[in-house]
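Single-structure report; data block below.
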Amino acid sequence: MSINVMETPYSPSILTRIVFLGQIFLTKILYDKKTYILIFVSILPLLPYIHKTTASTSDYMDIIVIGQETNIFNFLILPLICLILGISAISDEKENKTISQLLSRPIRREEIVLVKWISVLMIGVAIACLDVIIIYFGLSVIVNEYTFLFERLDVLLGAWLFVGLWVAVYGTIFLLLGVLIDKNALGWGLAIAYFEVFFAQFIFGPFAGGANSPYSIANHIYYVTAEYFLVDYFNFNIPDFDPLNSLIICIALVVGFLLLSMFTIRRKDFP
Amino acid sequence: MIELHEVSKSFGDVVALSRLSMSATDGHVTGFLGPNGAGKSTTLKLIMGEIRPDTGTVRVFDENPINNAVLKRRIGYVSEHEDLYPWMKGKQFVTSLAKLILPLEQAEAAAKEALEKVGLSVKGKRIKSYSKGMKQRLKVAAAIVHNPDLLILDEPFGGLDPLGRREMKRLVSILNNEGVTVLISSHILYELDEMSTRMVLIHRGQALAEGPPEEVLNLIDQFPHQILFRAPRNELQKLSKLLIGEDVVKSITFASDKAKNDLIVITDTPSKFYPIVTQVIAENGLQINHLESQTDNIEAIFDFLT
């Protein structure tokens, strides 16, 4: 070959490596059928509204955040987005053995995790925001009378921030799970997701005097959303707990699980 | 260049390597030979830093390979797996990986040259539609795109037809002549003898012999060798007619089950047989789909050597 081996081998900057590694990971997610299924399922929460004739902000809140009747989005679709993207980020590379291609390149293992995390966040937030938009405009299509659409875009912005925080926290937790577990990571993730979303409140709720438990991560996300993102549209609180502390807990979880993922992959064998 | 000293590695209850010591020296093509399950891939993964040894030391260019990004700039690695991104096109794949290691302005040209070097010129097709042989070439192109000093190939002949194997051997020779040190593993005894300048035999996680290939092959030639060919019946009939007169062939047998289209050849001198059979197939344009040393027989040879 005409390109000669240099005496001191060239090394691209870390930013260059992150950009081009990110390009590989993002195209992978874009070519994955799962991505489009996660967008398509966002029509499910709209189904109960087919027989209704009106929709309001509170209906939208019911669907997106914590509805009493129709909470498919919150309890099914959001966890699925985080679960599938977060866990498959590393476990897909392990299962398809493409991790070998990455490990044989001059990239540190921590960089692989960091870029995967950025990719999961970018695509996860994009999918979740798209789902929120589909539900937002879908309501206007299936009901005759609506009272809020196009007039209250702050609702949409608040919903974006809510799903963004959700994807950041749970996506990072599941990323670690994908690094840690070699087989059946998705099954483990499913168990943890539904334990957390469904049962943490019921199990730890009584310890909090029947109120919203501070031991549920989902509750902290709801609390932050109610206090900062959807102030006028959604009520939620954890008794005797400062909302700022809930926000700090969310950020600490993201940073902590990301660092733990990086530490774990350093020690990991890839047989 | 590569030094493994008293390396052991277990996966749960399975002992993959047991106090293995071996080396690969600068400028050589080192053939790494052993039956399936002997520990070849585990050894290569240790050298690539994908796994850690339980005990012992692994040094590559006198450095520890675990999470060593600087060291990886000098190494090209072709794993035994189909570790490709199937949605990408061939050139896109090699270029994407080249951008992680070469200056951006060189990456595209280097990818083009690497693809030309392995004889792969498929435009517009996604990797998922490639044949096994094309995928194998693509993996090699991705491994040599940055002109490594050391090339590690794990079972590179797997799935290749006889012509593809010959091409791969030619490529390894060219790279070695350009100064690339090569470590190449195979479970097929005589795939390595033509190109190797050193050979390491491994069996049950331990190195049995290491040295010039003639000495290693002399040991192996003491044992009868059985080779299976799989192809359309008429092609096998042509092959058997062409081989029957050769001195190196001890017996030729068609599989009793006609539906199977298997031909089994036994030879006492496999080191002479393989070059002859490759030449016969190439000169007569025979369509041989599959060729393999019978595993049981290889294991018997290694048992015989231990």
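The values are calculated or read from the model by the stated rules, or taken from the named source; none is laboratory data. The model shown is predicted, which means the values in this text are computed figures rather than measured ones. Here the Cβ is made from the backbone with ideal geometry for all residues, glycine too, and neighbour counts use every protein chain on show. Accessible surface is based on the protein model in full, side chains and every heavy atom, while ligands, DNA and RNA are left aside. Shrake-Rupley method; radii C 1.70, N 1.55, O 1.52, S 1.80 Å.
Among beta bridges identified by DSSP and lying wholly in the protein assembly as shown, the antiparallel ones come to about 65 percent. Across chain A the C-alpha pair distances fall into 5 Å bins from zero in the proportions 1, 6, 12, 15, 17, 14, 12, 9, 6, 4, 2, 1, 1, 0, 0 percent. Computed on the protein assembly as shown, the Cα convex hull volume stands at 196 Å³ per residue.
The contact between chain A and chain B removes approximately 4000 Å² from the accessible area (both sides summed; 1.4 Å probe; ligands, DNA and RNA excluded). Based on alpha-carbon atoms, the Kirkwood radius and the radius of gyration of segment B:71-165 give Rg/Rh equal to 0.94. From the square roots a ≥ b ≥ c of the eigenvalues of the alpha-carbon gyration tensor of segment B:138-254, which class results: rounded (a/c under 1.5), prolate (a/b over b/c), or oblate? Oblate, because a/c is 1.5 or more while a/b does not exceed b/c. Just to verify a number: FRET efficiency for residue B:36 and residue A:34, C-beta to C-beta distance, R0 = 45 Å, to 0.05? Here the calculated transfer efficiency is 0.85.
With the simple spin-label model, which puts each label point 7 Å out from Cα in the Cβ direction, the residue A:13 to residue A:242 separation comes to 3.9 nm. With all protein chains present, how much of the accessible area of chain A (probe radius 1.4 Å) comes from carbon and sulfur, to the nearest whole percent? About 66 percent, which is the carbon plus sulfur part of the accessible surface.
Each 5 Å bin from zero up to the one holding the largest Cα-Cα distance in segment B:1-69 carries the following percent of pairs: 4, 17, 29, 27, 16, 6, 1, 0. Here residue A:215 and residue A:144 are evaluated by their C-beta separation; at R0 = 35 Å the FRET efficiency comes out at 0.20.
In segment B:166-230, inverting the average of 1/r over every pair of distinct C-alpha atoms gives 13.2 Å as the Kirkwood radius.
Segment B:2-220 gives an Rg/Rh value of 0.96, both radii derived from C-alpha positions and Rh following Kirkwood. What you get for the protein assembly as shown, charging only the Cβ of Lys and Arg (+1) and of Asp and Glu (-1), is a dipole of about 1120 debye around the Cα centre. Taking label positions 7 Å along the Cα-Cβ direction at both residue B:289 and residue B:174, the computed distance is 3.0 nm, reported to one decimal. Using only side-chain charges placed at the Cβ, +1 for Lys and Arg and -1 for Asp and Glu, the dipole size of chain B relative to its Cα centre rounds to 1420 debye.
Accessible area per residue for the protein assembly as shown, computed on protein heavy atoms with a 1.4 Å probe, is 43 Å². Looking at chain B, the DSSP beta bridges with both ends there are about 65 percent antiparallel.
Given a 1.4 Å probe and every protein chain left where it sits, what share in percent of the accessible area of segment B:1-160 is carbon and sulfur? Here carbon and sulfur together make up 48 percent of the probe-accessible area.
Of B:144, B:206, A:241, whose Cα points farthest to the positive end of the dipole of the protein assembly as shown (charges on the beta-carbon: +1 Lys, Arg; -1 Asp, Glu; origin at the Cα centre)? Result: B:144. Below 12 angstrom from the Cβ of residue B:240, what's the summed charge of the other residues (Lys, Arg +1; Asp, Glu -1)? Taking every Cβ under 12 Å from that of residue B:240, the sum is 0. Each residue, residue A:53 and residue A:184, gets one label point 7 Å from its Cα in the Cβ direction; the gap between the two is 5.2 nm. Considering helices alone, the calculated mean residue ellipticity of the protein assembly as shown at 222 nm is -15000 deg cm²/dmol, with DSSP H runs of length four and up weighted by -39500 (n - 2.57) and normalised per residue.
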